[in-house]
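Undergrad: Let me begin by handing over the structure; questions about it come next.
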Amino acid sequence: MTALRIILGDQLSEQISSLDGADPQQDIILMCEVTTEATYVKHHKKKLAFIFSAMRHFAEELQAKGYQVDYIRLDQDAPLHSFTEAIEQIFATHKLDHIITTEPGEYRVLMEQQSWAETFDLPVFIRPDTRFLCNHAEFERWSAGRKSLRMEYFYRDMRKKFAVLMEGDQPVGGQWNFDSENRKSPQPSFDVPDTYHSAPDAVTRDVLHLVETQFADHMGDTSQFHFAVTAAQARAALAQFIEERLPYFGDFQDAMIQGKPWMYHAHIGLYLNVGLLLPLDCITAAEQAYRDQKAPLNAVEGFIRQILGWREFVRGIYWQKMPDYAELNFFEAKRALPAFYWDADTKMNCMHQSVTETAQNAYAHHIQRLMVLGNFALLAGIDPRQVNDWFLSVYADAFEWVELPNVTGMALFADGGLLASKPYASGGTYINKMSNYCKGCSYKVNQKSGPDACPFNYLYWDFLDRNREKLGNNHRVGMMYKVYDRMADDKKQAIYYDSSAFLMGLDAKTNTG
Ligand code: DLZ
Ligand code: SF4
């Protein structure tokens, strides 16, 4: 029995379930670069280069181990448009009995995989993705009967299940979560260690050229590409993080400093999400750093929570709620995404810096995404579909299973509170506390109204006022409505007029391009 084993661009791990039991002599492994995957949202150039280069390196590694890999490149004479077309091409030259693949990270691709049995009239085995630490059935069991799904309780169960940071049945340090220690304000004088750099080899240089020529109109450029593209390099990137940045990761998790795009974050999400790193390896390495007294508990716990808790939790939600989840729009937000999400041409310095760094690096750290880019989209009432497409295309680590719940659920509250207990909305004051962006801004963060006032200030109240019907009963937001209701009428009017003028200005700009 000869199998066609298909490995997708975010399944680049020798542990991938589609390789289980593979016969290197007989089976054909198919990997393909296809135009639809690169363009259905216009992925950032550095993201495309990263994925294609990592795919090509992984194919070479499998070949070196004796596997027969059929690798279809985008720069062949007639580029292929879909995975289905690639399989057709293989069947033209090979006789195969069945198809084996691993479930994808996107509902759209799962639908495509499920169509293959009929299209090719063959058995198709779609195996679970065992790289994840919580499978679909376990998540169903955990969520069954719960009124609301909160990561914190899921995370505690995962800590117990994998015996991570535990002393018997109690959490190390007597507390499950140390986030209250993780909100220190930034010091611009910090000498933040650089992110991992690897020099592009010949394979990567070929890919960079391909991307520059075929995807010229996508965001970003290919200069100074330095991502890891093999598992060995990704492990070196992880080790560098653990050694140099993890000790400070917790304290300054929410801090933003102008000109320091990487801060003390890990920058390993992209490697985890394509399979160059495995979750338990990252968790174990961080726990070891704590046990060796190389990093404090608040940092290590915070890092582990992202991987063992949040990452698995959002994946559970994604598969449980798709396909409807992609359509949710709790606030009925309809505004078009402003052009400055692409060209950074805005006087709001926090937005300008965050978009500029996104364009440069296909990366922005967690708090830029949430407190600046996502918060603005929430307050301005931007259509969740457009916001999701933007986040999915511009970040090298973004795949739909992780991007959609983070944006629709966490940043935009477009799921009405399934994932978060209240909208992550904030005015300029909090951005100012956590960053030094406001110092270099044309707007004044301390002004609440008028043409020079920080737009986040009035948009925050206007957002609450506009959505009173939907949020009025949310007890976590109730306090803020009390504050708003106590404001003098002229203050409320100023909020309304400043917001209307600002939003009209946005629309006018968008409509004229
Ligand atoms: C994101 C992406 C891109 C840009 N290109 C490819 C590709 O050419 N070939 C491939 O196998 N996978 C690619 N991917 C990743 C797929 O879109 C990914 O499998 C889905 O996002 C589902 O997780
Ligand atoms: Fe952003 Fe407002 Fe600060 Fe300007 S003043 S950087 S718009 S928060």
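Undergrad: Hey, what's the chain come to in accessible area per residue, 1.4 Å probe, Å²?
TA: Using a 1.4 Å probe on heavy atoms only, each residue of the chain averages 42 Å².
Undergrad: Could you work out the per residue convex hull volume over the alpha carbons of the range 263-350, in cubic angstrom? The partial results should precede the final answer.
TA: Details: hull volume 15.8 nm³, N = 88.
Taking only Cα atoms, the range 263-350 has a hull volume of 179 Å³ per residue.
Undergrad: Moving to a separate point now. Can you give the FRET efficiency to the nearest 0.05 for residue 180 and residue 81, using r as the Cβ-Cβ distance and R₀ = 56 Å?
TA: So, using R0 = 56 Å, E works out to roughly 0.65.
Undergrad: In vacuum, with every alpha carbon of the range 348-429 counted as one equal point scatterer, what does the Debye formula give for log10 I(q)/I(0) at q = 0.10, 0.17, 0.21 Å⁻¹? Two decimals, please.
TA: Evaluating at q = 0.10, 0.17, 0.21 Å⁻¹ gives log10 I(q)/I(0) of -0.21, -0.62, -0.95.
Undergrad: I would also like to ask the following. Give me the Debye-computed log₁₀ of I(q)/I(0) at q = 0.22 Å⁻¹ for the range 144-268, equal point scatterers on Cα only, no solvent, two decimals.
TA: -1.24
Undergrad: So what is the diffusion coefficient of the range 233-295 in µm² per second by Stokes-Einstein at 20 °C and 1.002 mPa s, using a Kirkwood Rh over Cα pairs?
TA: Details: Rh = 12.3 Å.
Estimated diffusion coefficient is 175 µm²/s.
Undergrad: I'd like the per residue volume of the convex hull spanned by the Cα atoms of the range 340-508, given in cubic angstrom.
TA: 113 Å³
Undergrad: Quick one: if you stick a label point 7 Å off each Cα along the C-beta vector at residue 447 and residue 510, how many nm between them?
TA: 2.5 nm
Undergrad: What FRET efficiency comes out for residue 1 versus residue 284 if R0 is 41 angstrom and r is the Cβ-Cβ distance? Round to the nearest 0.05.
TA: Given R0 = 41 Å and the Cβ-Cβ separation, E is 0.65.
Undergrad: Which value in deg cm²/dmol, rounded to the nearest 500, describes the helix-derived mean residue ellipticity at 222 nm for the chain, given -39,500 (n - 2.57) per DSSP H run of n ≥ 4 and division by the residue count?
TA: Mean residue ellipticity at 222 nm (helix-derived): -13500 deg cm²/dmol.
Undergrad: Taking the Cα-to-Cβ direction at residue 320 and at residue 199 and moving 7 Å from each Cα, how far apart do the two end points lie in nm?
TA: Each label point is offset 7 Å from its Cα along the Cβ direction, giving 4.9 nm.
Undergrad: Sticking with this one: By how many nm would the segment from residue 115 to residue 332 grow when fully extended, if each residue of separation counts as 0.36 nm and the alpha-carbon distance is taken off?
TA: 74.8 nm
Undergrad: If I stretch the segment between residue 430 and residue 156 completely, what's the gain in nm (0.36 nm per residue apart, minus their alpha carbon distance), one decimal?
TA: So the chain would gain 95.7 nm between residue 430 and residue 156.
Undergrad: Give me the distance between the Cα centres of the range 59-82 and the range 101-130, rounded to whole Å.
TA: So the two Cα centres are separated by 19 Å.
Undergrad: Additional query: Please state the Cα pair-distance histogram of the range 117-190 with 10 angstrom bins from zero: what percent is in each bin?
TA: Once binned at 10 Å, the Cα pair distances of the range 117-190 give 13, 28, 26, 17, 10, 5, 0.
Undergrad: Among rounded, prolate and oblate, which fits the range 7-135 when a ≥ b ≥ c are the square roots of the eigenvalues of its C-alpha gyration tensor, a/c under 1.5 means rounded, and a/b larger than b/c means prolate?
TA: In terms of gyration-tensor shape, rounded.
Undergrad: Give me the Å³ per residue figure for the convex hull around the C-alpha atoms of the range 394-437. The partial results should precede the final answer.
TA: Numbers: hull volume 4.6 nm³, N = 44.
Output value, Cα hull per residue: 104 Å³.
Undergrad: Taking a point 7 angstrom from the Cα of residue 292 along the C-beta vector, which residues in the range 240-281 have backbone N less than 14 Å away?
TA: Counting only backbone N, you get 240-247.
Undergrad: What is the sum of charges around residue 111, taking Lys and Arg as +1, Asp and Glu as -1, for the other residues whose C-beta is under 13 Å from the C-beta of residue 111?
TA: Overall, the nearby charge balance is -4.
Undergrad: Taking N as the number of residues in the range 1-55, what value does Rg over Cα atoms divided by 2.2 N^0.38 Å take? Don't jump to the answer; show the numbers that get you there.
TA: Working: Rg = 13.3 Å, N = 55, 2.2 N^0.38 = 10.1 Å.
That works out to 1.32 for the range 1-55.
Undergrad: Quick one: Cα centre-to-centre distance for the range 7-22 and the range 239-308, in angstrom?
TA: 26 Å
Undergrad: Hey, could you get me the Stokes-Einstein D for the range 307-377, Kirkwood radius over alpha-carbon pairs, 4 °C and 1.567 mPa s, rounded to whole µm² s⁻¹?
TA: The calculation lands on 91 µm²/s.
Undergrad: Between residue 163 and residue 214, what is the label-point separation in nm under the 7 Å Cα-to-beta-carbon projection?
TA: Simple spin-label model gives 4.8 nm for this pair.
Undergrad: I'd like the distance between the alpha-carbon centres of the range 428-474 and the range 175-238, rounded to an integer number of Å.
TA: Value for the Cα centre distance between the two parts: 31 Å.
Undergrad: Separate question: Between residue 223 and residue 190, 0.36 nm times their residue separation minus their Cα-Cα distance comes to what?
TA: Gain in length upon complete extension: 9.3 nm.
Undergrad: Working from the alpha-carbon coordinates of the chain, get Rg over Rh, Rh being the Kirkwood radius.
TA: 0.97
The values are calculated or read from the model by the stated rules, or taken from the named source; none is laboratory data. What you see is a predicted model, and the numbers here were worked out from it, not measured in a lab. Every residue, glycine among them, receives a Cβ derived from its backbone with ideal geometry; neighbour counts consider all protein chains shown. In case anyone asks, the SASA skips ligands and DNA or RNA and just uses the protein heavy atoms, side chains included. Shrake-Rupley method; radii C 1.70, N 1.55, O 1.52, S 1.80 Å.
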